[in-house]
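Every number in this text was worked out from the coordinates using simple rules, so none of it is lab data. Being a predicted model, the structure only gives us computed values, none of them experimental. Methodologically, a virtual Cβ is constructed for each residue, glycine included, from the backbone with ideal geometry; neighbour enumeration extends over all protein chains shown.
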Amino acid sequence: MCMPRCALFYNTMNFYDSIKKQDKEVFDALAGEEVREQEGLELIPSENYVSRAVREAQGSVLTNKYSEGYPGKRYYGGQEFTDAVETLAIERAKKLFGAAFANVQAHSGSNANIATYMALLNPGDTVLGMDLSHGGHLTHGHPVTYITKFFNFVRYKMKDPDTSEIDYEEMLRVAKEHKPKIVLAGFSAYSRELDYQKFVDIARQVGAYSVIDVAHIAGLIAGGAVKNPFDYGFDVMTSTTHKTLRGPRGGLILTRESEDIAKRINKAVFPGLQGGPMMHVIAAKAVAFGEAMHPSFKLYAVQILKNAKAMEEVFRQGGVRMLGGGTSNHLILADVFGSLGIPGKEAEVLLDRVGITLNKNAIADDVRGPMDPSGIRFGTPAATTRGFKEGECKRIAELMLEALKNRTDEQKLSAIREEIRTLCLKFPVPDSFV
């Protein structure tokens with residue numbers, strides 16, 4: 001059933017009633033964003049929608065409370081309920097991922113990664129991580145980040161971008177040469193599954209810790225749709241709590257079995273890197289972890305993959321080159337400049353005009369600059385949350401190609417925009433997932 005625009009504003013007014021009365025400028029921005037999200041399609045693979053319960057927890061009274069320390073070991077009084085909430089979040093995270101220990105205080109995925117480096121490394125130690133241009137993340141050692149001033153980062157790449165196969169032989173050679181203290185798996189723009197066992201084996205050969213950043217696929221792991229890296233012996237798993245996990249924006253650090261590592265990580269997060277934890281966000285994490293334990297979440301995680309494959313097939317038939325030849329997870333990285341002659345930035349702006357939000361993205365060995373690269377990156381977590389299945393995702397991919405191939409036809413673009421709006425209103429963003 002479609003939700004008319006007036007109903008969207010009514011829901012917004014109801015949720016933000018106090019803001020509407022007190023601060024009209026902020027309210028107008030929030031109301032506009034509510035309508036944008038309802039009437040447009042979110043395909044950025046690192047974004048998702050959270051439940052009303054998560055939003056209520058994040059906006060709760062716990063934002064008032066300082067809680068430096070950990071449950072049972074706080075520096076301030078009045079911690080009965082903060083301890084209860086954080087303990088819930090910890091225990092649920094451990095159960096979801098099969099970990100012995102969990103730190104739920106990291107403010108972000110970047111902080112989770114940095115705290116892990118601080119816990120396991122001394123200044124000057126080496127990390128072997130995925131090159132940003134081949135799918136890695138900024139915090140995996142890109143020179144623009146400040147963390148590279150404290151630690152030495154060396155990189156591995158794909159052997160062949162068209163298959164996304166990691167060059168594990170070269171990776172082992174680099175590891176033996178540079179003797180990293182951490183062998184880091186994980187990615188930000190990589191569409192296939194990694195060979196977890198090879199990462200762990202290489203780490204063990206050089207006496208390194210094995211760490212994996214699962215920020216993008218945490219929900220797929222929790223839902224059992226992809227493999228759990230802990231089953232292959234990784235020491236530490238870092239993550240965000242949004243993206244496919246469908247929680248509030250925040251970080252998470254999981255330790256498979258070592259109490260010593262877990263203690264060092266806790267000290268690195270607080271007092272090493274952060275002050276007071278955001279208890280309102282931790283409450284929202286606890287709610288989201290509870291939702292991820294519901295049987296429906298497994299169906300959701302599997303559907304994300306099915307929807308991505310449906311989009312992959314349309315792009316393949318449309319003659320668009322995809323890095324890795326397609327996808328085994330939730331995202332696709334497409335070379336629109338090489339295939340369609342349209343730069344990534346132009347494609348992003350054009351698709352935003354018709355109500356499809358995604359992001360420009362560099363591809364491996366990109367001939368263009370990072371601010372106007374050759375590729376676009378898109379995925380299916382948010383669309384799947386709305387209830388889209390393969391048929392809807394196939395149509396979305398078709399509309400994307402129509403827009404990109406008819407970018408000067410204003411009449412065609414207008415018709416695509418209206419079809420996207422109609423489709424989105426047919427599948428309103430849900431308030432609850434359980």
> To the nearest µm²/s, what D does Stokes-Einstein give for the chain at 37 °C and 0.692 mPa s, using the Kirkwood radius over alpha carbon pairs as Rh?
Replying inline: 146 µm²/s
>> I need to check one value: relative contact order of the chain, counting alpha carbon pairs closer than 8 Å and at least 6 residues apart, in percent.
In response: 22 percent
> Looking at GLY69, VAL281, PHE315, which one has the Cα that reaches farthest to the positive end of the dipole of the chain (charges on Cβ: Lys, Arg +1; Asp, Glu -1)?
Replying inline: GLY69
> In debye, nearest 20: dipole of the range 36-105 around its Cα centre with unit charges on the Cβ of K, R (+) and D, E (-)?
Replying inline: 240 debye
> Let a ≥ b ≥ c be the square roots of the eigenvalues of the Cα gyration tensor of the range 295-426; is it rounded (a/c under 1.5), or, if not, prolate (a/b larger than b/c) or oblate?
Replying inline: oblate
> Got a sec? How would THR244, THR139, THR357 order by Cβ neighbour count within 10 Å, fewest to most?
Replying inline: THR357, THR139, THR244
>> Within a 10 angstrom radius of the beta carbon, how do GLU259, GLU398 rank from fewest other beta carbons to most?
In response: GLU259, GLU398
> What size of dipole, in debye to the nearest 20, comes out for the range 61-292 about its Cα centre when the only charges are +1 on Lys and Arg C-beta atoms and -1 on Asp and Glu C-beta atoms?
Replying inline: 460 debye
>> Treating only the Cβ of Lys, Arg, Asp and Glu as charged (+1, +1, -1, -1), what charge dipole size does the chain show about its Cα centre? Round to the nearest 20 debye.
In response: 500 debye
>> Give the separation of the Cα centroids, the range 248-307 to the range 82-136, in Å.
In response: 8 Å
>> 5 Å is the cut-off here: which amide hydrogens, built 1.01 Å from N in the peptide plane, fall below it relative to HIS216, excluding neighbours closer than 5 in sequence?
In response: PHE187
> Amide H to amide H under 5 Å from ASN152: which residues, 5+ apart in sequence or cross-chain, H placed 1.01 Å off N in plane?
Replying inline: GLY124, ASP125, THR126, VAL127
> Kyte-Doolittle mean at least -0.5 and Cα extent at least 30 Å along the axis: which DSSP H helices of the chain qualify?
Replying inline: 295-317
> Considering only LEU413, SER328, PRO295, whose Cα is most displaced toward the positive end of the charge dipole of the range 295-426, charges sitting on Cβ of Lys, Arg (+1) and Asp, Glu (-1)?
Replying inline: PRO295
> Taking +1 at the Cβ of each Lys and Arg and -1 at the Cβ of each Asp and Glu, which of GLY124, ILE363, TYR168 sits farthest along the dipole of the chain towards its positive end, judged by Cα position relative to the Cα centre?
Replying inline: GLY124
